[in-house]
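Taken together, the values in this text are just the output of simple stated rules run on the coordinates, not laboratory data. What you see is a predicted model, and the numbers here were worked out from it, not measured in a lab. Neighbour counts are summed over all protein chains in view; Cβ atoms, including those assigned to glycine, are modelled from backbone coordinates with ideal geometry.
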Amino acid sequence: MTNTTSPTAAVPTPEIARTQGARPAHRWPRLWGRRMWLLLALAAVLLVYRAGVVHYSGISLFFDEAQYWDWSRHLQWGYFSKPPVIAGLIAASTAVFGNGVLGVKLLTMLTYVATAVAMVGLARALWPTSSGVRTGIVAGALFLTSPMAGMLGMFASTDGPLLLCWALAAWALWRAQVTNRLGLWLLFGAVCGVGMLSKYTMAAFAITALWALWGVHGPKRGLLRIGPWAAVAAALLVLSPNIAWNAEWGFPTLQHTADITTKSSRSGGPVAALVFLVGQIAMLGPVAVIAGLWLHRRVHAGTNEVAGQSQWAASSQMLPPSQWAPSTQVAPSSSQPASSQLSQGEQPRVKSTRNSAYYLASVTSYRYLVALSAPLLLIAVVQAVMADAHVNWAAPAMISLFLLLASRLSLPLVPLSAPRPVTWFWVVLASNLLLTGIVLHARDVMGDKLPAKADVLVRMRGWDAAFGQLGSLLNDPRVQGLPVVADKRLMLTQAAYQWRDHKPRIMAWNPRGEHTDHYQLQHSMPNTVGQDVLVLTDKPNPDHILDRFAFKRELGRSVVQAGPGRQITLYLYLARGFVGYDNQTYLDQSGTADERGEDVPFTERPAESSK
């Protein structure tokens with residue numbers, strides 16, 4: 001039945017039935033049912049489709065993915081630019097699915113499916129009704145079909161495990177706060193710790209957690225209790241191996257995170273902030289944003305009927321003794337005349353105690369979702385103004401935004417039979433799939449007419465062919481086993497992956513002893529005279545490297561057209577007789593320091609002095 005009263009009229013509150021004993025009559029609404037299986041079927045179809053795009057598009061790994069794969073062969077508790085979870089995921093993925101491009105990506109791609117399921121659980125916790133579960137399933141479908149999941153979900157990146165941990169932490173924090181159970185607080189801390197081991201962006205969740213300690217009503221609020229501190233201890237315990245690794249290496253990950261946050265090579269400013277915000281709209285889907293804003297304005301014109309008692313979860317969020325003393329919604333008393341209850345012109349209003357189930361579901365839940373997204377979005381916008389920001393830096397904020405959008409497309413606190421804007425739901429899903437498809441398949445449709453800048457996959461094209469043309473040179477007995485040296489991380493990561501069958505030893509050219517990437521930190525070419533190496537470069541005359549060797553010869557070059565106006569050119573040199581990064585090194589290690597000053601370069605030594 002639909003209530004046709006005005007939006008300001010009294011909204012009936014759910015009457016929750018009890019049994020004769022202390023146990024509630026109703027449990028949590030069913031999570032696994034036909035709708036959930038439909039969501040998983042959608043996830044399976046999208047996963048197969050995206051795997052097909054990876055396989056048939058001919059792309060290789062992005063250089064960051066190649067670096068993560070290289071890390072996965074040498075598992076540690078940390079790396080220069082990222083914590084260790086992504087390397088562990090790829091190690092597990094390649095152990096099961098192999099070292100091919102899809103094998104590297106697949107397990108990380110599955111984290112997006114797990115995130116969608118976690119969003120359903122979060123929705124059920126926020127709105128413990130059957131309609132609330134349906135809202136979560138709608139949110140999961142919106143997430144899986146969004147341009148964000150369509151693009152990020154094709155890459156082995158830190159965003160996959162971060163999004164999953166963010167959704168799980170949101171569920172755990174809500175349940176911990178409304179029940180104050182120690183086990184849930186410990187679970188929340190452990191999930192946050194794993195999230196920090198995925199990406200340090202997880203630290204922004206602390207702002208939401210601090211708000212929730214007072215903003216979400218429960219048996220206790222604030223910090224003067226065991227639960228929140230137990231969560232902090234659990235998070236630190238999980239994170240402690242990474243902290244120890246950072247301490248051993250001089251905290252490079254923290255320094256790198258601070259550098260890219262405050263010292264970006266790209267300029268910030270209002271325009272950069274605007275571009276970032278437009279990027280967030282694109283990640284959600286433009287039609288999805290329009291639908292959300294439109295339906296938010298119209299939602300109060302719909303039904304005011306609340307879900308019946310058979311849909312409400314009479315569990316720890318709803319009834320004592322597992323949460324707090326009995327508290328119910330307080331409606332205006334009907335025993336008094338309306339004139340004595342209301343002043344002139346006032347409409348009757350439901351008064352809900354702040355720790356009641358109805359208030360938690362109808363008010364606090366929405367504030368909580370805003371608190372899950374607003375701080376991270378604000379931080380990213382400030383970062384964009386200061387030094388620019390990548391569009392994915394606020395990706396976890398999308399989880400709560402999709403739940404807010406789903407709560408407009410499928411109201412969580414109404415009967416399952418209540419009317420819904422189903423047309424809007426299908427339009428949003430179709431538009432997001434269409435937008436993602438256009439972006440991914442633009443090259444297939446337009447061919448070489450598509451500019452390289454408009455091809456989102458162009459940076460992954462051509463690397464396998466370019467390295468494949470030079471790969472046979474590594475089988476030459478004269479160079480077999482020599483380490484590969486380059487002065488660019490991109491060259492090193494792609495060489496490690498594309499030549500993985502040759503198992504090359506990778507070394508970074510590092511004459512200044514800098515630590516600006518993982519290879520410079522742990523795999524710099526030592527300043528030892530006499531080494532023979534293979535020099536890999538994208539420059540035709542890398543004299544700054546080759547001049548430090550007594551003998552050098554070009555072994556080969558490869559040229560691959562990756563797209564219109566984009567060409568990959570690689571050069572491979574044999575370099576023998578390393579004389580050190582500087583002349584003093586050669587003089588010291590060759591035993592000629594007493595005979596010749598550092599101001600005389602090795603390459604300019606007079607012929608008559610050679611004996």
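Observations
- Distance in nm between pseudo-label sites at GLU514 and ARG566 (7 Å out along the Cβ direction from Cα): 2.5
- Cα pair distances exceeding 17 angstrom across segment 462-590, given as percent: 57
- Listed peptides 63-75, 120-132, 170-182 appear in the order 120-132, 170-182, 63-75 once ranked by packing, highest mean of other Cβ atoms within 10 Å at the front.
- Here the Karplus relation 6.51 cos²θ - 1.76 cosθ + 1.60, evaluated at θ = phi - 60°, turns the backbone of segment 198-208 into coupling constants of 8, 6, 5, 4, 4, 4, 5, 5, 4, 5, 4 Hz, with x for every Gly and Pro.
- Using R0 = 45 Å, the C-beta based FRET efficiency linking PHE251 and ASP476 works out to 0.60.
- Phi-based couplings in Hz for segment 493-498 (Karplus 6.51, -1.76, 1.60; Gly and Pro marked x): 5, 5, 5, 4, 7, 5
- Measuring against 22 Å, Cα to Cα, the residue pairs LYS105/LYS199; LYS199/LYS453; LYS199/LYS220; LYS199/LYS539 contain LYS199/LYS453; LYS199/LYS220; LYS199/LYS539 as the ones spanning a longer distance.
- Extension gain (nm, one decimal) between ASP448 and GLU554, 0.36 nm per residue minus Cα-Cα: 35.0 nm
- Counting charges near LEU450 (Lys, Arg +1; Asp, Glu -1) among other residues having Cβ under 13 Å from its Cβ returns a value of +2.
- Taking segment 387-420 and a reference point 7 angstrom along Cα→Cβ of ARG298, the backbone N atoms nearer than 14 Å belong to 408-411, 419-420.
- Nitroxide proxy distance, nm - points 7 Å out along Cα→Cβ at ALA233 and ARG30: 4.2
- Simple spin-label estimate for ARG500 and ASP588 in nanometres, 7 Å along Cα-Cβ: 3.9
- Nonlocal amide H pairs with LEU555, under 5 Å, H built at 1.01 Å: LEU572, TYR573, LEU574
- Cβ-based net charge around GLY250, under 15 Å, with every Lys or Arg adding one and every Asp or Glu removing one: -4
- Full-extension gain in nm, LEU490 to ALA203, via 0.36 nm per residue minus C-alpha separation: 100.5 nm
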